[in-house]
Structure formats: structure tokens, C-alpha cells
Amino acid sequence: MKLTSSTSTLVSNLSRIFHKLSTTDGFSGQRYDVIIETDQTPGNYWLRCDNQNACAGTTQALDIKAFWHYSDGPAQALPTTTTYNYTGACPDEPYASLVPYAPMDAGAADVTEGTFDVIIRNNGNNLYKWFLSGTSFFSEYDHPTLLDVYQNDTTPDYSGNLIIDLPNEHEWVYVIIESPIPLPHPIHLHGHDFLILAEGPGSFSSDTVLQLKNPPRRDTALMPAAGFIVIAFETDNPGVWLMHCHIGWHTSMGFALQFVEMQDQIVERGALDDSCTLTQTCKSWKKYADSKGIKVHDSGV
């Protein structure tokens, strides 16, 4: 990457931004836009990406680097910049520091889904899976929820209460998720940015204070280890939307659910505007899976 020392439209210097990033975490699926002011002495600099082993063990976690080069600096010299010393941990960025520039307030809850109690246990066949309030999510590859909605105007029942019907437009949905297990979970929702109303250690209670005035807004947020999170979104996007832990093997083990949002409008309002591709893809998959003897061996997500 070539940079020029004359760049002046950005807002902070390299060292301060890199230090800020080195002391906070972005979890699986989270993203940050970072603005950098290239106002240092022209030269070559290391850009470091630390994967903190408090979250997950990674080979060479503290030796992931890119090379930043000012075009009017020395071309071949290796950077001499060094790492910052900090205490590794596994928190999210403090939500108090995530203040949306375009404000949005949460409406009063029209629908409260939860509390989803998240645990891991043996499913009776010596297979350990994640369970949300007693149910582990499962999806059939050749029988997806959206296809059922399109063909039959129904939803499958193979995941019980983890396929949630939200029939009405412009209602506020609050979702409460908590777990006694000391593992953090990045919670990701498709189809929406959601508002983070509360999070913390322990269990959600009626005394929990919800931030309704311009709360942080994301599509992936951390549920703390042995803690809870409360998120909210408005039903304004017809479709079948997955919410799941963004750690891949947790999703594979059943940590997921679906919202069927404004089912009667999914086809009517053009939310499903390519039904031919949907049906043909499902037919092709079924033909291939049958010929190879492929069976769903995990959550199907």
C-alpha cells in the first residue's frame, strides 16, 4: 500500500489509531471503518492485526502484519516500528463509545422474543449441541424455509419454536439472549441492523435498564461470557432472516434461529424477486445430494 505524506483529509494519526485498535476487539463478523491521517515522517510502517488468544488460540497471533509505504519514503527498508504492550482480553468495544452519527431511537416493544437461555448439552446420542430454550436449530438442505413460504405459504416445523413468525409491519421486536456458560458469543442478524438496548454479566431481569435513546446500532454484537444481551429491530423488511452465533462451529452445532418477517408480503412486495433461481437451485441440490448420498449432519446452516 502506497501512501503520500500530503494526505490531509483524514482525522487521526497512525500511532493513536493503531493503539486504539490494538486494545479493542472486533469479533467474528464485526466490522469497523477506520480513518487514518498519514501525517508521520515519510517511511515504511508495520500495520499489525492482533488476534488475541484470550478469545481463541491462533498460530502467530501477534505476528500478522502488512507493509505501509509512503511513496516519497525509502522503497526497500524494512519498517522499524514496534508493537504496543497491552493486556489481552476478550471484551467488545464499550458500547458507550459507539454513538450512531445518524440517531435512531428504539420504539416500545410490540413483541418480546425470549428469554432465550443458551446452553450446550448432549442431545441423547452422544452429540453435543447448542440449545436455545431447549431447542437446537436444524434446517433441511432441500427444504429451506423460504422455499416452503414461496411454494406453500407455510413454514416448516422441523425447528419448532426457533422459526419465529413476525407477521406485522412496523412493530418493534426485542430479543433477549443469555447464557450461564463462560463463553462470549457474537450474535449476528441477517436482514437488519439492530439496536443494542442492554448487555452485561449474569441474567437479564426486570430491573435491567434499557437504553432506548440512540443506542449502538450493529448487525453483529457480543453477548458477554456468562451474560446477556438485549437487541431490538423494527419489522420493515419482508423475508426469512437468520439470527445466529457468528462462531462457525457454534452455528453448526445449532446456535441459530429464524424470523419469518411479514410472510404475506415476501412474494407480494417482491422481497423474493428471483423465485426461478430459488426453485432451480433447490432442485439441483436435491438431485446432487441424492446421487451422492449426502445427508444433513449438523444444523444445516
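The values are calculated or read from the model by the stated rules, or taken from the named source; none is laboratory data. This is a predicted model, so every value here is computed, not measured. Every residue, glycine as well, gets a Cβ built from its backbone with ideal geometry; the counts of neighbours run over all protein chains shown.
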Legend entry - Residue check, D142 under 24 Å from Q263 (Cα atoms) and either at pLDDT below 90 or not aliphatic (A, V, I, L, M) (or both): yes
Inset, instruction - Please work out if D33 is out of contact with any helix residue (DSSP H, G or I) (no Cβ under 7 Å at 6 or more places or on another chain) and surrounded by fewer than 16 Cβ atoms within 10 Å (Cβ to Cβ). - result: yes
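How many residues does region 109-124 hold that are part of a loop (DSSP other than H, G, I, E, B) and either of a type in the set (A, V, I, L, M, F, W, C) or in contact with a strand residue (DSSP E or B) (Cβ under 9 Å, 6 or more places away or on another chain) (or both)?
3
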Inset, instruction - Only one of these is modelled with pLDDT under 95, within 15 Å of the chain's Cα centre (by Cα) and farther than 30 Å from M104 by Cα: G248, G300. Name it. - result: G248
Legend entry - Options A66, A75, A102, A106: the member that is outside the structural domain of K213 (by TED's automatic domain parsing), in a loop (DSSP other than H, G, I, E, B), touching a Leu at 6+ places or on another chain (Cβ under 6 Å) and over 19 Å from S28 (Cβ atoms): A106
Inset, instruction - Output the residue which, of all residues in region 121-162 that are surrounded by 18 or more Cβ atoms within 10 Å (Cβ to Cβ) and among the aromatic types (F, W, Y), is nearest to W285 (Cα to Cα). - result: F138
Inset, instruction - Give the residue that is nearest to A256 (Cα to Cα), with candidates limited to residues of region 145-184 that are of a type in the set (S, T, N, Q) and part of a helix (DSSP H, G or I). - result: N161
Inset, instruction - Give the residue, chosen from G293, G248, that is exposed (fewer than 14 other Cβ atoms within 10 Å of the Cβ), within 25 Å of F116 (Cα to Cα) and not aromatic (F, W, Y). - result: G248
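Just one of T208, T277, T220 is among the β-branched types (V, I, T) and free of Cβ contacts under 8 Å to residues at least 12 places away in the same chain; which is it?
T277 is the lone residue from the list that is among the β-branched types (V, I, T) and free of Cβ contacts under 8 Å to residues at least 12 places away in the same chain.
Report yes if some residue within region 200-214 is more than 30 Å from Y288 (Cα to Cα) and buried (at least 22 other Cβ atoms within 10 Å of the Cβ); otherwise report no.
Scanning region 200-214 turns up no residue that is more than 30 Å from Y288 (Cα to Cα) and buried (at least 22 other Cβ atoms within 10 Å of the Cβ).
Give me the residue from region 36-50 that is in a loop (DSSP other than H, G, I, E, B) and surrounded by 16 or more Cβ atoms within 10 Å (Cβ to Cβ) and, out of that set, modelled with the lowest pLDDT.
So, considering only residues that are in a loop (DSSP other than H, G, I, E, B) and surrounded by 16 or more Cβ atoms within 10 Å (Cβ to Cβ), the one modelled with the lowest pLDDT is D50.
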